[in-house]
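Everything below concerns the one structure shown next.
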Amino acid sequence: MFSSLVYEVAWSRSLSLVFGTTIYAFTAVLTAFMAGLAFGAYCFGRVADQTKKPVLLFAKLEFALAASGVLLVPLFDLTYQVRLALFSQLQGSSAMLFVMFGIVFLLLIVPTGIMGATFPLMTKIYSRNFDRDISDVYAVDTICAGAGAMVGGFLFLPYLGLSQTIVLAAALNLLAGFVLYRGRER
């Protein structure tokens, strides 16, 4: 969840340029983030219960998250171009905000859905391998999420910049995917 919150901070910052203000960008990112987490967890909750190789599936989701995270960088640039075109047509009306919100929501629902899909798999892997309470997973997940938001906002963005922060988050997903993929037989 560390990299997920790094993405959220970076996406909010990037989309503040698209929306022209931070409040609309943050609202769009938070809405898509929460909806994607819920949707991914709901859909993959059943898959996690049925899969014979949850570690392998988790690794594949990490790879998919890395790819979608990096792919959003040029898509956000394209979204900014759409905003400019809409502005000339809609003159900054509420309709323009709703259209931009819809576009951003559709762009973010895929990676945030992948993020949500990892939680049921994580709990299945943890409970099967360690026979411990799921609250441990949730606690570690929450601590890592807070650390990701803090480090992403106060360290990565100021020192690496926007695109490199997103690439670093993707690299963390790739690293996690490779570690999980290599250890899938254990």
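The values are calculated or read from the model by the stated rules, or taken from the named source; none is laboratory data. Quick caveat, the model's predicted, so the values are computed rather than measured. All Cβ positions, even for glycine, are placed from backbone atoms using ideal geometry, and neighbour counts span all protein chains on display. Calculation scope for accessible area: heavy atoms of the full protein, side chains included, ligands and nucleic acids excluded. Shrake-Rupley method; radii C 1.70, N 1.55, O 1.52, S 1.80 Å.
Annotations
- Filter pass, THR165 being among the hydroxyl-bearing types (Ser, Thr, Tyr), part of a helix (DSSP H, G or I), at pLDDT 90 or above and open to solvent by less than 60 Å² (accessible area, probe 1.4 Å): yes
- Subset tally (residues that are farther than 17 Å from VAL29 by Cβ, in a helix (DSSP H, G or I) and either of a type in the set (A, V, I, L, M) or open to solvent by less than 80 Å² (accessible area, probe 1.4 Å) (or both)) for the range 83-112: 8
- A single entry from LEU65, LEU15 fulfils the requirement of being hydrophobic (A, V, I, L, M, F, W, C), open to solvent by less than 20 Å² (accessible area, probe 1.4 Å) and at pLDDT 90 or above: LEU65.
- Comparison of LYS124, LYS60 shows that the only residue that is in a helix (DSSP H, G or I), buried (at least 21 other Cβ atoms within 10 Å of the Cβ) and basic (Lys, Arg) is LYS124.
- Of all the numbered requirements in (1) surrounded by 18 or more Cβ atoms within 10 Å (Cβ to Cβ); (2) closer than 20 Å to SER12 by Cα; (3) in contact with a helix residue (DSSP H, G or I) (Cβ under 6 Å, 6 or more places away or on another chain), TYR80 misses one, and that requirement is (1).
- From THR22, THR31, residue being at pLDDT below 90, open to solvent by 30 Å² or more (accessible area, probe 1.4 Å) and not small (Gly, Ala, Ser): THR22
- One residue stands out among those in the range 57-92 that are within 17 Å of the chain's Cα centre (by Cα) and without any contact (Cβ under 8 Å) to a residue 60 or more places away in the chain: the one that is nearest to PHE19 (Cα to Cα), which is LEU75.
- Single condition TYR159 does not satisfy, out of (1) surrounded by fewer than 18 Cβ atoms within 10 Å (Cβ to Cβ); (2) at pLDDT 80 or above; (3) among the hydroxyl-bearing types (Ser, Thr, Tyr); (4) closer than 20 Å to GLY45 by Cα: (4)
- Residue within the range 170-178 that is over 22 Å from LYS60 (Cα atoms) and open to solvent by less than 90 Å² (accessible area, probe 1.4 Å) present: no
- Inter-residue pairs, beta-carbon under 8 Å, first at pLDDT below 85 and in the range 34-56, second among the acidic types (Asp, Glu) and part of a helix (DSSP H, G or I), 6+ apart: none
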